[in-house]
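The values are calculated or read from the model by the stated rules, or taken from the named source; none is laboratory data. From a predicted model like this one, the values you see are computed outputs, not experimental measurements. Positions of Cβ are generated from backbone atoms using ideal geometry, with glycine treated the same way; all protein chains shown enter the neighbour counts. Keep in mind that these areas ignore ligands, DNA and RNA; they rest on the heavy atoms of the full protein, side chains included. Shrake-Rupley method; radii C 1.70, N 1.55, O 1.52, S 1.80 Å.
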Amino acid sequence: MKISILTLFPEMFESIFTQSIMKRAQKSGFVEIKIHNLRDWAIDKHKMVDDRPFGGGPGMVLKVDVLHAAILDLKEQNSDAKIILLTPQGEKYSQQRSEQFSQEKGLILIAGHYEGFDERIRDYVDQEISIGDYVLTGGEIPAMVIVDSVVRLLPGVLGDENSASTDSFSAGSDKLGCPQYTRPEEFDGKKVPDVLKSGDHAKIEKWREEQTKKRTQQRRPDLI
Ligand code: SAM
């Protein structure tokens with residue numbers, strides 16, 4: 001998969017994509033992630049990428065001509081990619097959507113900043129995504145959220161193929177994950193359930209299924 005990210009702050013991505021699973025996924029060729037600075041598409045000599053809103057009001061608005069030029073170029077480099085605009089006004093992101101995105105050949109993620117973008121850019125994107133009903137200063141963190149959640153679903157990225165399928169919200173389950181324990185067997189009077197130490201895989205599986213149901217009923221009845 002090829003992921004292109006358009007941002008005014010490329011440095012923000014440095015730490016997140018150079019650590020742990022994201023780093024390995026790129027090194028092993030499962031994903032190619034490129035960060036592009038919107039300023040590279042600025043048209044005038046002052047490298048202006050934003051301007052004051054028509055009608056007045058606070059903040060600056062990203063310019064449609066600059067964004068459009070960038071999108072055209074990125075689409076040329078990542079031709080099968082889905083173009084996603086990050087905005088609090090978009091569809092609320094979910095595990096289901098990340099599973100769909102992980103099937104795509106490529107993604108182009110557009111991070112806004114300041115007051116957002118010129119409304120007209122909406123006509124040149126495939127989808128608008130929000131990561132939740134709150135407003136962040138920019139689309140960089142939402143872009144990171146999408147990349148992280150999608151890349152871990154690409155076949156081969158996680159060491160154990162099953163580990164994504166047993167996660168909370170994963171396809172075919174739509175439930176929360178089950179409780180997990182590791183050593184020590186007892187901590188502060190709290191013991192690891194005996195069944196998990198029994199070595200009986202059928203029993204363990206059944207216990208996990210029951211726990212998953214119970215936990216989902218208690219915490220997220222809306223999922224059932
Ligand atoms: N004025 C905009 C509005 O009311 O919809 C909010 C602009 S916000 C301060 C700046 C940028 O951050 C947005 O253009 C978007 O790219 C990004 N952003 C902020 N919150 C977001 C969210 N919940 N999901 C996705 N992107 C978000």
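Overview of results
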{"item": "2 or more residues in the same structural domain as ILE141 (by TED's automatic domain parsing) and under 30 Å from LYS175 (Cα atoms): qualifying strands (runs of 3 or more DSSP E) within the range 21-125", "result": "81-92, 106-111"}
{"item": "Some residue of the range 116-123 being at pLDDT 95 or above, of a type in the set (Gly, Ala, Ser) and either open to solvent by less than 30 Å² (accessible area, probe 1.4 Å) or more than 13 Å from the ligand (Cβ to nearest atom) (or both)", "result": "no"}
{"item": "Single match in ASP148, ASP126 (criterion: surrounded by 13 or more Cβ atoms within 10 Å (Cβ to Cβ) and either of a type in the set (D, E, K, R) or out of contact with any His (no Cβ under 8 Å at 6 or more places or on another chain) (or both))", "result": "ASP148"}
{"item": "Selected residue [open to solvent by less than 40 Å² (accessible area, probe 1.4 Å) and within 16 Å of the ligand (Cβ to nearest atom)] from PHE54, PHE101", "result": "PHE101"}
{"item": "Set ASP222, ASP167, ASP174: member being of a type in the set (Asp, Glu) and assigned to a helix (DSSP H, G or I)", "result": "ASP222"}
{"item": "Checking PRO221 against (1) farther than 22 Å from SER163 by Cβ; (2) open to solvent by 100 Å² or more (accessible area, probe 1.4 Å), the condition it does not meet", "result": "(2)"}
